[in-house]
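Read through the structure below, which is laid out as structure tokens, and then see the notes.
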Amino acid sequence: EREETDERLVTERARADSAVASRDDFLAIVSHDVRGSLAGMAMSADLLMEMPLEGTAGERTRVEAQRIRRLTGRMNRLIGDLLDVVSMESGKLEIVAAHEDASRLLAETMESFQLTAAARKIAMTSNASPEPVLASFDYGRILQVLTNLVGNAMKFTSAGGSIALELTPAKGGIRFTVRDDGCGIAAEQIDSIFERFSQAAQADRRGYGLGLYIARCIIEAHGGKIWAESEPGKGSAFHFTLPGSARGPIGTQKAAP
């Protein structure tokens, strides 16, 4: 009887593994095809924006082309998030750590959001140092985390508000902080926002999507920790730590609103 049970368990495990593999293959094929279509749409939108169209019709065409470009970018990010979640839950999240300059991450993030911040009349500041602040991490993945945190801050900060990016020494490593003076997060939601299906995302249709869950998985894969502090109406601060010694001074950099 025990042998039959063991055989049944082995068979069920094999079926489950096969189902997961089939799902992953299906998602890979579909995401590749969808991204190919999105790339074509984005290219067409870029061509429309470059055409020398005049008058009201020309301006309307450019506005709609820009809208298409934004939407295709959003869809690409969503597909990337879904694939990341599949990798994480399959234990296949790849972290390629190297000795990197953490200060450069802040400078690159500032540069990426500078135009958006200016358009929304949001002041951005950073204490990115001109000197290297060295630690061991996967540069692309940590940039992904910072981009998500700043993107969320942009969503929930009104015109005239501010967002600050900070890099400070922490016990046994370094700490990044993204701070805003936006609408804040309710106390009963703060503990669930890093879950895959958070109540905060369900309560607000703008939500946080999968981004914070992915950020948590990336930071924990580095051996770090991520958390948030917030008060409704007074803004939020998202912090995460990375292990390893930090070296180099911390200066100040600003982007005009």
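Highest mean packing first, where packing is the average number of other Cβ atoms within 10 Å per residue, the peptides 54-66, 225-237, 139-151 line up as 139-151, 225-237, 54-66. Using a simple spin-label model with points 7 Å from Cα along the Cα→Cβ vector, what separation in nm is obtained for Asn76 and Ile29? Distance between label points: 2.5 nm.
Stokes-Einstein diffusion of region 66-158 at 20 °C, 1.002 mPa s viscosity, Kirkwood radius from Cα pairs, rounded to a whole number: 142 µm²/s. Packing, taken as the mean count of other beta carbons within 10 Å per residue, orders the peptides 94-101, 131-138 from highest to lowest as 131-138, 94-101. The phi-based Karplus calculation (6.51 cos²θ - 1.76 cosθ + 1.60; θ = phi - 60°) puts the 3J(HN,Hα) values of region 54-69 at 10, x, 4, 5, x, 5, 5, 4, 5, 4, 5, 5, 5, 5, 4, 4 Hz, whole numbers, x for Gly and Pro. Per-residue extension of 0.36 nm, minus the Cα-Cα distance of Glu111 and Leu83, leaves a gain of 7.4 nm for this segment. The packing ranking of peptides 86-93, 178-185, highest mean first, is 178-185, 86-93, where packing means the average number of other beta carbon atoms within 10 angstrom of each residue.
Quick one: net charge around Arg69, please, counting Lys, Arg +1 and Asp, Glu -1 for every other residue with C-beta under 11 Å from its C-beta.
Numbers: positive: Arg62, Arg67, Arg70, Arg74; negative: Asp46, Glu64.
For residues surrounding Arg69, the net value is +2.
Straight-distance candidates among the lysines for linking to Lys121, with alpha-carbon spacing under 26 Å and chain neighbours fewer than 8 residues away dropped: Lys155, Lys234, Lys254.
Just so you know, all these numbers are worked out from the coordinates, no wet-lab data involved. Predicted model, so just to flag it, every value in this text is computed and none were measured. Here Cβ is always computed from backbone atoms with ideal geometry, including for glycine, and neighbour counts include all displayed protein chains.
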